[in-house]
Amino acid sequence: MENVEYNYIKCQVRKLVGVDLNCYKTPQMQRRLKAYLARSGYPNWPKFFRAIQVDPVELTKFKDYLTINVSSFFRDPAKYRFLQISILPQLLRTQPYLRVWSAGCSRGQEAYSLAMLLAENNSLDYRHQILATDIDHSALEWARAGGPYTTDDVAHLPPNLRLRYFEIQQNKYWVKDELRQQVMFRQHNLLADPIAGKFDLIVCRNVVIYFRPEAKESLFRRFHNALKTGGVLFVGGTEIVPKAADMGFETVNVSFYRRSNNQARLSTPAIKHLISS
Ligand SMILES: C[S@@+](CC[C@H](N)C(=O)[O-])C[C@H]1O[C@@H](n2cnc3c(N)ncnc32)[C@H](O)[C@@H]1O
């Protein structure tokens, strides 16, 4: 794709969809855009953008596609096991009720997995605060409704939790109200919106894979600021926090980073230079 064409698309997407494509990796995004246009049946981008301006359904579909929302309950069960047996007990030792944020929660599978673990850990005591955010409005609507989820979505869900927290209707799974009410869903763009509050646990998994390195680093620094000292960041199985120690994180295990007491070190050479001069 020519630069001029990509610049035009980025500009239209920012204006119409509210997503800044500069924060996403260029080759992957260009491939996805080309595939979408080919499938949409429009001969070129100007016609496509004109169409989505008058068709909110098409606009939402395009936004959903750009932000990719594949997920499942207890995605990566070994990591959730580590969370359950090691991280949560440590966090709960210092305070009985936790503030947890599922950032990029998709249709709610991740947030409800966390809510189930916390409820189980605290003998069904529901006083934890669980915030779940995503950029994608339609995924959030799904999450708030508590379903319907498919058998693939619940494939890693332990049977006892499935029985306790879900209702089955026509082969689809619905989260019971009791659990649904534990999670607060909000729309939030991780690349643009401010982060308010301090958390014990931030879970941001399989969201930053398409972000450019600078956007990723800036987000991890903001997560660090949003964690209480001793709080933990839980990332996706293939993701690492670059320069974690410089940011003030201590690596607990693969995918788990704890905010240490140390202040974040300044790592940008330009800033170091300014300070030493
Ligand atoms: C692949 S899903 C991951 C869902 C869940 N965290 C998991 O690991 O199963 C990625 C989610 O990130 C959301 N997302 C992408 N860009 C985002 C942004 N800039 N701000 C907030 N959410 C974003 C997408 O809408 C999508 O729901």
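Every read-out reported here was derived from the displayed coordinates using simple, explicitly stated rules and does not represent laboratory data. Given the structure is predicted, the values throughout are model-derived calculations rather than measurements. Using ideal geometry, Cβ is built from the backbone for each residue, glycine included, and neighbour counts are taken over all protein chains shown.
Observations on the model:
- P(r) weight above 17 Å for the stretch 3-67, C-alpha pairs, percent: 32
- The calculated FRET efficiency for the pair GLU250 and LEU92, based on their C-beta separation and a Förster distance of 22 Å, comes to about 0.70.
- Estimated inter-spin distance, ILE68 and THR238, nm [label 7 Å along Cα→Cβ]: 0.8
- Order of MET184, MET247 under a 10 Å beta carbon neighbour criterion, fewest first: MET184, MET247
- The length gained by stretching the chain between ARG31 and GLU120 to full extension, at 0.36 nm per residue less their Cα-Cα distance, is 27.8 nm.
- Mean Cβ count within 10 Å, highest first, over the residues of peptides 148-161, 200-213: 200-213, 148-161
- Gaussian network model of the chain, Cα within-10 Å springs - most flexible of ALA145, ALA132, ALA196: ALA196
- Nearest-0.05 FRET efficiency for SER138 and GLN170, computed from C-beta distance (R0 25 Å): 0.70
- Euclidean distance of C-alpha centroids, the stretch 150-166 and the stretch 199-258, integer Å: 28
- Extension reserve of the ARG14-ASP193 stretch, reckoned as 0.36 nm per residue once the Cα distance is removed: 63.0 nm
- Loop-located chymotrypsin sites (Phe, Trp or Tyr not before Pro) in the stretch 30-126 whose Cβ has at most 12 other Cβ within 10 Å (DSSP): none
- Gaussian network model of the chain, Cα within-10 Å springs - most flexible of GLN28, GLN53, GLN170: GLN170
- 33 Å tail of the calculated P(r), the chain, as % of Cα pairs: 28
- Across the options GLY18, SER86, GLN129, the greatest Cα extent toward the positive end of the charge dipole of the chain (unit charges at beta carbon of Lys, Arg, Asp, Glu) belongs to GLY18.
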